[in-house]
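Peer 1: Mind looking over this structure? Questions follow.
Each value in this text was obtained by applying a stated rule to the coordinates, not by laboratory testing. Predicted, not measured: the structure shown is a model, and the values here were computed from it. Neighbour counts run over all protein chains shown; Cβ positions are idealised from the backbone, glycine included.
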Amino acid sequence: MASHTPIDIIMTNLYEVDFFEWTKIQARALQEHNTEALDWDHLKEEIEDLGNEKLNAVNSFLKRLIEHRLKLDYSQEIYPRNHWLKEVDNFQDEIEDRLTQAILNKLDISKQYERARRFFLREYKLDIPQKCPYTFEELMTRYPLNND
């Protein structure tokens, strides 16, 4: 069993009571290379969570992007098309802002397509492909501004 120093106990308590203050102290300790003041267990956990949050955000935007592409490509509705186009642009922007090579390597387009397809089919009773008809590059290609 690892022994905990007084600083470990203080940092654990601070982490649980005032996360914001804990982050400031940890950032300062990192900047000063003060390894004694670092709360290693929680830092490791938080860094892993940050990476997962970015991946989850990109996956969420990817699912919404696919859902709106399905609406544009398979629905015959006219009125909401401009809204869908704006949403597609927005989701592409959000993905571009967060995308890294590491995240790109972890994306599961098939899984996000299954989820988007389920949402789409709740709203529209149309025949759409079982498997994703889009590549990532196609999903990220911008629609022309004049809708040609």
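Peer 1: Run down 122, 115 and say which single residue is farther than 30 Å from residue 12 by Cα and buried (at least 16 other Cβ atoms within 10 Å of the Cβ).
Peer 2: Sole residue among the options that is farther than 30 Å from residue 12 by Cα and buried (at least 16 other Cβ atoms within 10 Å of the Cβ): 115.
Peer 1: Given the structure, is residue 94 under 14 Å from residue 68 (Cβ atoms) and more than 19 Å from the chain's Cα centre (by Cα)?
Peer 2: no
Peer 1: Can I ask one more? Yes or no: residue 62 of a type in the set (A, V, I, L, M), within 15 Å of the chain's Cα centre (by Cα) and within 30 Å of residue 50 (Cβ to Cβ)?
Peer 2: For residue 62, the condition - of a type in the set (A, V, I, L, M), within 15 Å of the chain's Cα centre (by Cα) and within 30 Å of residue 50 (Cβ to Cβ) - is met.
Peer 1: Report, ordered by the first and then the second residue, all pairs with beta carbons closer than 7 Å, sequence separation of six or more or different chains, a first member in region 44-72 that is under 20 Å from residue 119 (Cβ atoms), and a second member that is of a type in the set (Asp, Glu).
Peer 2: Final answer for the pair search is 61/94; 68/87.
Peer 1: Of all helices (runs of 4 or more DSSP H) completely enclosed by region 66-148, which ones contain at least 1 residues that are basic (Lys, Arg) and under 27 Å from residue 50 (Cβ atoms)?
Peer 2: 81-98, 101-106, 109-123
Peer 1: Sticking with this one: Can you tell me which residue is nearest to the chain's Cα centre (by Cα) among those in region 109-128 that are closer than 13 Å to residue 75 by Cβ and of a type in the set (A, V, I, L, M)?
Peer 2: That would be 121.
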